Amino acid sequence: MKAAPFDYLRADSLEQALHELARHGGDAKLIAGGQSLVPMMAMRLARPSVLVDIHRLAELRGWQVAGDAVRLRAASRQCEVEADAGLAGAVPLLRAALRWVGHQQTRNRGTVGGSLVHADPAAELPLAAAVLQARLHLRSERTERCVDAADFALGPMFTTLADDECLVAIDWPTWSVGEGEVLRCEFDETAIRHGDFAMASVAVQLVLDASGVCRRAAIGLGGVDATPLAFPDLAAQLHGRRIDASSAAEVAQAAAARCQPGSDMHADAEYRRHLGAALLQRALLRAAGEPVAGAAF
């Protein structure tokens, strides 16, 4: 299929882009990388009458340290973020997640903010944002506001973003480590083929002390509910414990029990729930440096 007719405008500034959104309301859409919006337009699942191109706006690209977080501007290319060693050192889970996003060709054009706004429940970056408790900065002509990643996605491809708002930046929290401590993260998923939509995905980040005891943890599952799921209360149960096959299975099974996955031609709900538990247990063991052979799944 082909996209429905639309007008195209290349914005010269963020202010101009916001003005066009306010002017056209829900009839206008922002485009940066186009890796999510263009396919939807081709299938006529999205029919904007005006496209406002923001991909050349320097003010929406790049990153900087802001207190205990990295502020990443929304139109930063996924490939640029993935390749930046400084950013990977500050937020390692971000690079770990990006390696699973589509293929190199899509990451060359796709943006971090575009993936978050698209809000696919099986997408990798929304899961990483939820697990790390990222904060999203939204702007319109009339106001600015900040939203927790966990509150941003309301359902599949449905967010709290208003028609006249633009996601301008994301604050990714950085984790400090004490003497003798180490920060480790794991991101994994299962799909029919690499680059396809995940049937289930998992994100884990841990701080371990010199004896291997967990001092801080964050865990989450994607593709197994209408939005990515983070489990801070279950992660807190790992604090002060060594993570082994038993404790990892306990947390993984509790997380999977909270999921409400759908069924399709590739996998039914029960299989996705089982898969999520298996991936989470294995990711916890890998992050903790424990043998995965001891996993119960």
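Take residues that are within 23 Å of ALA255 (Cα to Cα) and tell me which of the strands (runs of 3 or more DSSP E) falling wholly in the range 122-167 contain 3 or more.
153-155
Kindly indicate the residue of the range 198-214 that is farther than 18 Å from LEU94 by Cα and part of a loop (DSSP other than H, G, I, E, B) and also nearest to the chain's Cα centre (by Cα) among those meeting that condition.
Filtering first and then ranking leaves MET199.
Which of the numbered conditions does SER36 fail, given that it passes all the others? Conditions: (1) out of contact with any Leu (no Cβ under 9 Å at 6 or more places or on another chain); (2) more than 22 Å from MET157 (Cβ to Cβ).
(2)
So which residues in the range 27-36 are surrounded by fewer than 16 Cβ atoms within 10 Å (Cβ to Cβ) and either in the same structural domain as LEU167 (by TED's automatic domain parsing) or hydrophobic (A, V, I, L, M, F, W, C) (or both)?
Answer for the range 27-36, where residues must be surrounded by fewer than 16 Cβ atoms within 10 Å (Cβ to Cβ) and either in the same structural domain as LEU167 (by TED's automatic domain parsing) or hydrophobic (A, V, I, L, M, F, W, C) (or both): there is none.
Could you tell me which numbered condition TRP175 fails, if it satisfies all but one of (1) closer than 21 Å to LEU94 by Cβ; (2) modelled with pLDDT of 95 or more; (3) touching a helix residue (DSSP H, G or I) at 6+ places or on another chain (Cβ under 8 Å)?
All conditions are met except number (3).
Can you tell which of GLU189, GLU290 is outside the structural domain of LEU98 (by TED's automatic domain parsing), within 25 Å of ALA134 (Cβ to Cβ) and among the acidic types (Asp, Glu)?
It is GLU189.
Quick one: which of PRO48, PRO39 is closer than 30 Å to PRO5 by Cβ, crowded, with 18+ Cβ neighbours inside 10 Å and not assigned by TED's automatic domain parsing to the domain that holds ALA198?
Of PRO48, PRO39, the one residue that is closer than 30 Å to PRO5 by Cβ, crowded, with 18+ Cβ neighbours inside 10 Å and not assigned by TED's automatic domain parsing to the domain that holds ALA198 is PRO48.
If you check SER211, SER201, SER247, SER263, which single one turns out to be free of Cβ contacts under 8 Å to residues at least 60 places away in the same chain, within 30 Å of SER36 (Cβ to Cβ) and of a type in the set (S, T, N, Q)? I'd like the intermediate steps shown before the answer.
Details: SER211 fails: within 30 Å of SER36 (Cβ to Cβ); SER201 fails: free of Cβ contacts under 8 Å to residues at least 60 places away in the same chain; SER247 fails: within 30 Å of SER36 (Cβ to Cβ).
Selected residue: SER263, the only one of SER211, SER201, SER247, SER263 that is free of Cβ contacts under 8 Å to residues at least 60 places away in the same chain, within 30 Å of SER36 (Cβ to Cβ) and of a type in the set (S, T, N, Q).
Any chance the range 72-79 includes a residue that's touching a Lys or Arg at 6+ places or on another chain (Cβ under 8 Å) and within 23 Å of PHE158 (Cβ to Cβ)?
Yes, the range 72-79 contains at least one residue that is touching a Lys or Arg at 6+ places or on another chain (Cβ under 8 Å) and within 23 Å of PHE158 (Cβ to Cβ).
If you check PHE152 against the conditions, is it in contact (Cβ under 8 Å) with a residue 24 or more places away in the chain, among the aromatic types (Phe, Trp, Tyr), out of contact with any Lys or Arg (no Cβ under 7 Å at 6 or more places or on another chain) and over 27 Å from ALA217 (Cβ atoms)?
Taking the combined requirement at face value, the residue does not satisfy it.
Mind checking which residues of the range 52-71 are at pLDDT 95 or above, surrounded by 15 or more Cβ atoms within 10 Å (Cβ to Cβ) and more than 19 Å from the chain's Cα centre (by Cα)?
VAL52, ASP53, ILE54, LEU57
Which condition breaks for GLU179 when tested against (1) under 18 Å from GLN260 (Cα atoms); (2) free of Cβ contacts under 8 Å to residues at least 40 places away in the same chain?
(1)
Which numbered condition trips up ARG241, out of (1) surrounded by fewer than 22 Cβ atoms within 10 Å (Cβ to Cβ); (2) out of contact with any Ser or Thr (no Cβ under 7 Å at 6 or more places or on another chain); (3) not aliphatic (A, V, I, L, M)?
(2)
Of all residues in the range 161-211 being aliphatic (A, V, I, L, M), in contact with a Leu (Cβ under 7 Å, 6 or more places away or on another chain) and under 30 Å from ASP27 (Cβ atoms), which is surrounded by the fewest Cβ atoms within 10 Å (Cβ to Cβ)?
LEU161
So if I check each of ARG273, ARG286, which one is at pLDDT 95 or above and in contact with a Pro (Cβ under 7 Å, 6 or more places away or on another chain)?
ARG273
The values are calculated or read from the model by the stated rules, or taken from the named source; none is laboratory data. Quick caveat: nothing in here was measured; it's all calculated off a predicted structure. A quick note on method: Cβ atoms are made from the backbone with ideal geometry, for glycine too, and the neighbour counts reach across all protein chains shown.
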